[in-house]
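Written below as structure tokens is the structure these notes are about.
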Amino acid sequence: MKHLYLLTLFLFTSGLALAQTEEQPIKRYMGAVELGYLYGNNKDRDINNYVAAPTVEIFNGFRVHRLLAIGATTGFDFYNNLQIMPFALGVRGEILNTRISPIYSIDAGYGSAFLSHESENEKKKGGWMFNPALGFRVRSGNSSAYT
């Protein structure tokens, strides 16, 4: 009876035991290219018209942990007759360590209009920016993903 008890105990506890696995090292560099559209109200004239403008942004950062990467963002935002170049500090993170995971990002900085041409009667200037975002990441390979 004693041997049967020990055998049963061994079978139940061996199913709960886990072997040590070698964890993959975290890749410290994080880069992201973001393409999209900015949708808003154009109030340049007395007429309110809604416009969609393309945007391209590049994030380069240092990954502290899967949940936190710190870096800088720059890019181009194209409006009707205005080009804005954002300069921002930002954080990014992946919530889960699975193939598909929720992600977050927050960028804050300044959008400069130094690339836009000014006429004599029209001054163009940039402004402060704040860009929070939520989304999903789908890994497509060892070091690449779609968000």
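Go through the residues of region 74-83 one by one and say whether even a single one is open to solvent by 60 Å² or more (accessible area, probe 1.4 Å) and of a type in the set (Val, Ile, Thr).
Just the residues of region 74-83 that are open to solvent by 60 Å² or more (accessible area, probe 1.4 Å), to begin with: 76, 78-81, 83.
Imposing the further condition that a residue be of a type in the set (Val, Ile, Thr) reduces the set to none.
Within region 74-83, none of the residues are open to solvent by 60 Å² or more (accessible area, probe 1.4 Å) and of a type in the set (Val, Ile, Thr).
Out of all the residues in region 97-115, which are part of a strand (DSSP E or B) and surrounded by 14 or more Cβ atoms within 10 Å (Cβ to Cβ)?
Correct list: SER101, ILE103, TYR104, SER105, ILE106, ASP107, ALA108, GLY109, GLY111, SER112.
Would you be able to tell me the number of residues in region 116-134 that are in a strand (DSSP E or B) and surrounded by 12 or more Cβ atoms within 10 Å (Cβ to Cβ)?
Within region 116-134, residues that are in a strand (DSSP E or B) and surrounded by 12 or more Cβ atoms within 10 Å (Cβ to Cβ) number 3.
May I ask you to say which residue of LEU115, LEU96 is without any contact (Cβ under 8 Å) to a residue 24 or more places away in the chain and more than 19 Å from GLY40 (Cα to Cα)?
LEU96
Within region 61-83, which residues are among the polar types (S, T, N, Q) and modelled with pLDDT under 90?
Across region 61-83, the qualifying residues are ASN80, ASN81, GLN83.
Would you point out which residue out of PRO86, PRO25, PRO54 is modelled with pLDDT under 90 and within 22 Å of GLY111 (Cα to Cα)? Don't jump to the end; show me each part of the working.
On the way: PRO86 fails: modelled with pLDDT under 90; PRO25 fails: within 22 Å of GLY111 (Cα to Cα).
From the options PRO86, PRO25, PRO54, the qualifying one is PRO54.
Within region 80-95, does at least one residue satisfy the condition of being assigned to a strand (DSSP E or B) and over 29 Å from LYS27 (Cβ atoms)?
Scanning region 80-95 turns up at least one residue that is assigned to a strand (DSSP E or B) and over 29 Å from LYS27 (Cβ atoms).
The values are calculated or read from the model by the stated rules, or taken from the named source; none is laboratory data. Given the structure is predicted, the values throughout are model-derived calculations rather than measurements. Cβ: placed from backbone, ideal geometry, glycine included. Neighbour counts: every protein chain shown. All accessible areas refer to the heavy atoms of the entire protein, side chains included, with ligands and DNA or RNA removed. Shrake-Rupley method; radii C 1.70, N 1.55, O 1.52, S 1.80 Å.
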